[in-house]
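The values are calculated or read from the model by the stated rules, or taken from the named source; none is laboratory data. Owing to the predicted nature of the structure, the values given are computational and were not obtained by experimental measurement. Because the Cβ atoms are built from the backbone with ideal geometry, glycine has one as well, and the counts that use them run over all protein chains shown.
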Amino acid sequence: MMEVSHASLNHGDLNDARSGRVPPGAVLGSDAAGVVTQAAADGTGPAVGTRVVAMAPGAFAERVAVDVTALAPVPASVDLAVAAALPVAGLAALRSLRAAGLSREKRVLVTGASGGVGLFAVQLATHAGAYVIASVGSAARAEGPARAGASEVLIGLEGLSMSPDIVIDSVGGPQLVQAWDKLAPGGSLQSVGWTSGEPAVFPPYATVGPAKSLNSFLNQGEFGGDLATLIQLVTEGALTVEIGWRGSLEQVAEAAKALRERRVSGKAILAIGSAETEASVVGR
Ligand SMILES: NC(=O)c1ccc[n+]([C@@H]2O[C@H](COP(=O)([O-])OP(=O)(O)OC[C@H]3O[C@@H](n4cnc5c(N)ncnc54)[C@H](OP(=O)(O)O)[C@@H]3O)[C@@H](O)[C@H]2O)c1
């Protein structure tokens, strides 16, 4: 059991709230950071008082029970607000890049690059030494990915001049079709999300040609090991968490509005049961 001090709001939480797949009355949220208040009875988890980050269904709560395989310790040098940003978006970025076979000689295209998954994917691919092309929706959204180390930042995909070996796509719709068209032979497109909400219409024969793959992606399995990797990267300064909105859990509707309106660069962080009450879109 952990006492949650911070949670982050994900696009997936908005989907959960709207879709009906989470039953009425259930607590939303997936990303939690805080302190262990009760250790696992079988002695396998961290001790009471340990600072932890977790993939925790029902994270928007003061206390949440967490599987010991879904958490990682957070050193004192890492702010719990920063740690809370990592689970859903950080794991999706790390694991989709891994599934696509990331290596330093690869050209990586990241769509939705100013968002949670996107900004982490840009940084992780850059850290691996890859050439990273970030695609955003407008000029105003280009700053984050540029700061995160992208080799190029494009508005949409019109200006894409080279064929990427890897695409991390969180936008879907027409952009997915365009990205697929540009994907190099042997390449891998990881379909991580679909923020556009638009259908993807492939022209005839778009999927006929030299072999390349379109892969569906889902965060699943055990998360503790990869959460520890993300925390380690933050500790080393190789991964920076951009917090584009912060406020309290009571202001979650405001955070959701900012996320829907594409005003959050990076992550939205909610303080739970703490003194942090002023909502703010950071740096805007
Ligand atoms: N499969 C998984 O396990 C998994 C895990 C995490 C997330 N996801 C999914 O991945 C997607 C992104 O999640 P996130 O947390 O990174 O979301 P986010 O922080 O809200 O970022 C989404 C980005 O997509 C772009 N975008 C938003 N609406 C758009 C639209 N109508 N058309 C085109 N671009 C749009 C925005 O960039 P611009 O404003 O620059 O266009 C925004 O920065 C969501 O669909 C989420 O459900 C899936």
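Observations on the model:
- Evaluation of residue 195 against (1) in contact with a strand residue (DSSP E or B) (Cβ under 7 Å, 6 or more places away or on another chain); (2) among the β-branched types (Val, Ile, Thr); (3) assigned to a loop (DSSP other than H, G, I, E, B) (one fails), failing number: (1)
- Subset of the stretch 78-99 [out of contact with any helix residue (DSSP H, G or I) (no Cβ under 8 Å at 6 or more places or on another chain) and crowded, with 24+ Cβ neighbours inside 10 Å]: 84
- Listed by first and then second residue, the pairs linking a residue in the stretch 126-148 that is of a type in the set (D, E, K, R) to a residue that is more than 9 Å from the ligand (Cβ to nearest atom), with Cβ atoms under 8 Å apart and 6 or more places separating them unless they lie on different chains, are 147/242.
- Positions within the stretch 198-238 being more than 15 Å from the chain's Cα centre (by Cα), of a type outside the set (A, V, I, L, M, F, W, C) and either part of a loop (DSSP other than H, G, I, E, B) or modelled with pLDDT under 95 (or both), in sequence order: 198, 199, 203, 204, 205, 207, 209, 210, 212, 221, 222, 237
- The set of residues in the stretch 106-117 that are within 11 Å of the ligand (Cβ to nearest atom) and either of a type in the set (Ser, Thr, Tyr) or surrounded by fewer than 20 Cβ atoms within 10 Å (Cβ to Cβ) (or both) comprises 111, 114.
- Considered as a group, the residues in the stretch 157-172 that are of a type outside the set (Ser, Thr, Tyr) and within 17 Å of residue 12 (Cα to Cα) include one that is surrounded by the most Cβ atoms within 10 Å (Cβ to Cβ), and that residue is 168.
- Considered as a group, the residues in the stretch 185-196 that are surrounded by fewer than 22 Cβ atoms within 10 Å (Cβ to Cβ) and more than 6 Å from the ligand (Cβ to nearest atom) include one that is nearest to the chain's Cα centre (by Cα), and that residue is 191.
- The strands (runs of 3 or more DSSP E) located wholly in the stretch 1-105 that include 2 or more residues which are within 16 Å of the ligand (Cβ to nearest atom) and outside the structural domain of residue 115 (by TED's automatic domain parsing) occupy 2-9, 31-36, 51-55.
- Condition met for residue 218 (near the ligand (Cβ under 8 Å from one of its atoms) and within 15 Å of residue 96 (Cα to Cα)): yes
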